[in-house]
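A quick write-up on the structure given underneath.
The values are calculated or read from the model by the stated rules, or taken from the named source; none is laboratory data. Not measured: the values here are computed from a predicted model. Methodologically, a virtual Cβ is constructed for each residue, glycine included, from the backbone with ideal geometry; neighbour enumeration extends over all protein chains shown.
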Amino acid sequence: MNTKLEPKNYRYFTFVTAIFVTVLVISNIIAVKLISIWGLILPAAVILFPISYIFGDILTEVYGYANARKVIWMGFFCNLLAVLAIWVGGILPPFAFWSVGGFSTAETAQQAYSAILGFTPRLLVASFIAYLVGEFLNSFILAKLKLKTQGKFLWIRTIGSTIIGQGADSAIFITLAFWNILPTNALFTAILSQWLFKVAYETIATPFTYLIVNFLKKKENEDYFDRSTNFNPVSFKSKPQL
């Protein structure tokens, strides 16, 4: 078991980080589309975004909160970079003969680009705040539950942390993004729908989480317990566990 703050040369840590960040960035891009699943109106990102929570669980469970914290911030800044790149691409003047798909003129193609990839400041702020609060709550709860359960009952930690983290994420995003836009009852319905869907997603994926966690613990020879960790989300200093 690793007793130092700085990780050893983990074999799969970079790969897990890459999946986490990729899922996050793609989710924010496809979130513009609304879909209907079992009568629930949800953003298309729900088919993918919960995976970021699953891999957030994996990062905390195997590598510890301090390493998960670094990855959460990495995901935040990578997503910010993607948003800035899409925004710059949108304001640059289109080539006069540019056309895509069924859009015959540069003007209609530009309108399509802006409609699909454009972001409103309100949605961006809501998304970024919800992501940070939800992910850090998820990681914190899981790390604390691991100490309480002495590393047993992984399913309690993954589902319990998701209930809290995804609940906060859904409540913050929907409230900030659609307050005074949706009626109050529709607001609560949207929050509850997203929360229940994401928790169900995590619950169904529990065997998959077990499989990856057990594989990584064996291959990395690591099963980190955050006994002396500084849980401040903006701090990157922690005492080594004893």
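Worth pointing out:
- Leading residue by the ranking (nearest to Ile58 (Cα to Cα)) among those in the range 190-222 that are part of a helix (DSSP H, G or I) and of a type in the set (Gly, Ala, Ser): Ala200
- Looking only at the range 1-23, and only at residues there that are part of a helix (DSSP H, G or I) and in contact with a Leu (Cβ under 9 Å, 6 or more places away or on another chain), the one that is modelled with the lowest pLDDT: Val23
- Among the residues of the range 90-118, the one identified as within 28 Å of Ala45 (Cα to Cα), at pLDDT below 75 and polar (S, T, N, Q) is Ser99.
- Going through (1) farther than 23 Å from Phe231 by Cα; (2) modelled with pLDDT of 85 or more; (3) crowded, with 17+ Cβ neighbours inside 10 Å one by one, Gly134 falls short only on (1).
- The residue pairs whose first member lies in the range 77-95 and is on the phi > 0 side of the Ramachandran plot, whose second member is exposed (fewer than 10 other Cβ atoms within 10 Å of the Cβ), and whose beta carbons are closer than 7 Å, counting only pairs six or more residues apart or on different chains, do not exist in this structure.
- Residues (of a type in the set (S, T, N, Q) and under 21 Å from Ile47 (Cβ atoms)) located in the range 162-203: Thr162, Gln166, Ser170, Thr189, Ser193, Gln194, Thr203
- Applying the condition of being at pLDDT below 80 and β-branched (Val, Ile, Thr) to the range 28-46 and asking which residue is nearest to Thr189 (Cα to Cα) yields Ile41.
- Filtered residue count, the range 145-156, keeping only those that are within 11 Å of Asp226 (Cβ to Cβ) and in contact with an Asp or Glu (Cβ under 8 Å, 6 or more places away or on another chain): 2
- Test: residue in the range 152-172 that is outside any helix (DSSP H, G or I) and touching a residue at least 24 places away in the same chain (Cβ under 8 Å): no
- Some residue of the range 31-54 being of a type in the set (Lys, Arg), in contact (Cβ under 8 Å) with a residue 12 or more places away in the chain and either crowded, with 18+ Cβ neighbours inside 10 Å or not in a strand (DSSP E or B) (or both): no
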